[in-house]
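The values are calculated or read from the model by the stated rules, or taken from the named source; none is laboratory data. Note that the structure is predicted; figures quoted are calculated from it, not measured. FYI the Cβ positions are ideal-geometry reconstructions off the backbone, even for glycines, and counts take in every protein chain you see. Surface areas here come from the heavy atoms of the whole protein model, side chains and all, with no ligands, DNA or RNA. Shrake-Rupley method; radii C 1.70, N 1.55, O 1.52, S 1.80 Å.
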Amino acid sequence: MDAYSHMLRSVPLFRHCTDEEIAALREIGRFSSIKKGQSFDLRRINSFNVVIDGAFEIEALGRTDIVYLAPGSFFGNVPFTDNRLRGTIRAMVDSTLMLFSMEE
């Protein structure tokens, strides 16, 4: 199993997937390179995103509450839930995400 498949398997939503299902997810997902300092409004993100490489910070609960995301973390639209984070996410270093559109 390669590092990307191992990373996907660490996401709780995908933990019980078979090797074939993980391979199918690898085909569906697309990689996105994010430059250090680039930021996004979480309310405008319409995908499920897995941090593959790098680090992000989210100002989600207020100006004094910051959540840090490392490889294996995820954010965005989580399938089967109505919960949406609010706030801003920012890349702390050059990073890589694997994105899954909600249509997939």
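General observations
- Peptides 65-78, 45-58 ordered by packing proxy, namely the average of other Cβ atoms within 10 Å per residue, highest first: 45-58, 65-78.
- Residues of the chain: accessible area per residue with a 1.4 Å probe, Å²: 64 Å²
- Selected from 49, 25, 14, residue furthest toward positive end of dipole (the chain; charges at beta carbon): 49
- Per residue, the average separation of C-alpha pairs within less than 8 Å and at least 6 apart gives segment 1-80 a relative contact order of 29 percent.
- C-alpha long axis of helix 19-28 to longest principal axis of the chain, angle in °: 50 degrees
- Here the Gaussian network model covers the chain, with springs between Cα atoms less than 10 Å apart; of 42, 25, 13, 13 fluctuates the most.
- Once divided by 2.2 N^0.38 Å, the Cα radius of gyration of segment 1-81 becomes 1.16.
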